[in-house]
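Each remark here refers to the structure printed beneath this line.
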Amino acid sequence: MPTPPDAAERRAIPPVICYPVETLPAPDMALYSAARERLTKVSEVLVPPREARCFEVAAGQFFRIRSVEGPQVGDLNLHNAHDPAERFYSGKTRALHGTHLTTGERMWSSFPHLRPMATITQDTLGWYGIDSFGGSVHDVIGTRCDPYTHALLSGGGQYHHCCHSNLTRSLADHLGIARAEAERHVHDVLNVFMCTGFTRDSGQYFMKASPVRPGDYLEFFAEIDLLGNLSACPGGDCSSEHSSDSAACHPLLVEVFNHAEGALDGWHSPAPNAYDGAHGI
C-alpha cells in the first residue's frame, strides 16, 4: 500500500500511558529499608548451572539472588506457597512498571488475585539504566528459553536444559508431582540479570552480555508466602546464545533473610484483589 499523505501527522500523535500508576498502592520503601538494616540469613540454595531449584520464603522475609562465580542470568518463577495456581503475572507487571524492573517495583500475581507477591528492595545493577542499544536488565519481556521453540527453530532438535524444562523438573521434584502436572504451573519469568531490549529497526527481542559480576544481587521483600523456582539459564551471560551446552555457565545463589524482631510492626500481607468477580450480568 502507498504511504498516505498524512503519515507524518499520524506518527506525530503523542502517546498516552495505558496504566497511570499514581493511584497504584505504593510499597513502604522506608519501612523496608529500615527492616533490611539488620538481616539474619536463615537459609540458602545454590542453583547449579543449567539446572533449577525451588526455595521457600515466608511473608515478611527478604531474599536475594546473587552472582557467585561468574556472569550468569536466571529465570525466576514465583508462586503462592499455598496455592501454585497463584503465580507471577509478567504481562501485567510489564504493563504497570515497564519492560525491566528495579528497586521499588513489584512482581504482581495472576488473576483473580492481582496483588504484590514481591517488592524489589535492592538492585546492585541499578546503575545500568538503559544503554545506547535500548537494552536494560531484569526484563519481563522474554518468556523463558524452552524446548518447544528450540525444536521449532532447529528443525526438531531435542534439548532438555532449557529454562522451561529446568523449572518443570525442579517444581515436580519439590512438590512431588508428575512433570506433566508441574509443567502447567511453569510460567513467564523475571529474567534476573539478563540484558535485553528490542531492536529499533525490526522490533525484535535481543539479548546481550549481562553486566552482572560476582557479588551483584537482586533483593526482594516477600509480600506473601512464596515458593520460588530459579533456573540458571543454559545461555550463561546470554552474550551469544541460549539453549546451549557450549556457553560458559555458573551457579546462582539464593539467600533468605529474617528481619529483626519488631522491624515490620504494623505491616500486613496484601489482600487479594478487590474486584468481586461478577463479570457483569
* **the chain - charge dipole about Cα centre, Lys and Arg +1 at Cβ, Asp and Glu -1, debye rounded to 20** => 340 debye
* **Ratio of Rg to Rh over the range 116-159 (Cα coordinates, Kirkwood Rh, two decimals)** => 1.17
* the range 56-145 - charge dipole about Cα centre, Lys and Arg +1 at Cβ, Asp and Glu -1, debye rounded to 20 -> 200 debye
* To do: Residues in the range 252-269, backbone N under 15 Å from the label point at residue 38 (7 Å along the Cα-to-beta-carbon vector): list them, ranges by number please.
  => 258-265
* **Using distinct alpha-carbon pairs, which all enter the 1/r mean, Kirkwood radius of the range 185-281 in Å** => 17.6 Å
* Quantify how much of the Cα-Cα distance distribution of the range 67-216 extends past 20 Å, in percent. => 54 percent
* Structure fact -> By the C-alpha gyration tensor axes a ≥ b ≥ c (rounded if a/c is under 1.5, else prolate when a/b exceeds b/c, else oblate), the shape of the range 13-60 is oblate
* Asked: Among 118, 209, 263, whose mean-square fluctuation peaks in a Gaussian network model of the chain (Cα, cutoff 10 Å)?
  -> 263
* Separation of the residue 179 and residue 160 label points, Cα + 7 Å toward Cβ, nm -> 0.6 nm
* Give the Cα extents of the range 136-180 along the principal axes, in whole Å, largest first. => 32, 31, 13
* Asked: Mind listing P(r) for the range 122-205? All alpha-carbon pairs, 10 Å bins, whole percents.
  -> 16, 34, 32, 16, 2
* Structure fact -> Both in Å, the radius of gyration and Dmax of the C-alpha trace of the range 75-148 are 13.2, 43
* Take the alpha carbon gyration tensor of the range 30-106, find the square roots of its eigenvalues, order them as a ≥ b ≥ c, and report rounded if a/c is under 1.5; if not, report prolate when a/b exceeds b/c, else oblate. => rounded
* Would you mind computing the Rg to Rh ratio of the range 7-137 from its alpha-carbon coordinates, Kirkwood style for Rh? => 1.00
* Asked: For the chain, what mean projected area does the convex hull of the alpha carbons give, in nm²?
  -> 19.3 nm²
* Asked: Which trypsin sites (Lys or Arg not before Pro) from the range 183-281 combine a DSSP loop assignment with at most 10 other Cβ atoms within 10 Å?
  -> 200
* Of 239, 187, 253, which is farthest on the positive side of the dipole of the range 174-281, counting Cα position, with +1 on Lys and Arg Cβ, -1 on Asp and Glu Cβ, and the Cα centre as origin? -> 239
* To do: Please report the base-10 log of the normalised intensity I(q)/I(0) for the range 161-233, using a Debye sum with one equal scatterer per alpha carbon and no solvent, at each q in 0.11, 0.17 (1/Å).
  => -0.40, -0.85
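Any read-out appearing in this document is the output of simple, stated calculations on the displayed coordinates, not a laboratory observation. Because the structure is predicted, anything quoted here is derived from the model rather than measured. Please note: Cβ atoms are built from the backbone with ideal geometry, for glycine as well, and neighbour counts cover all protein chains shown.
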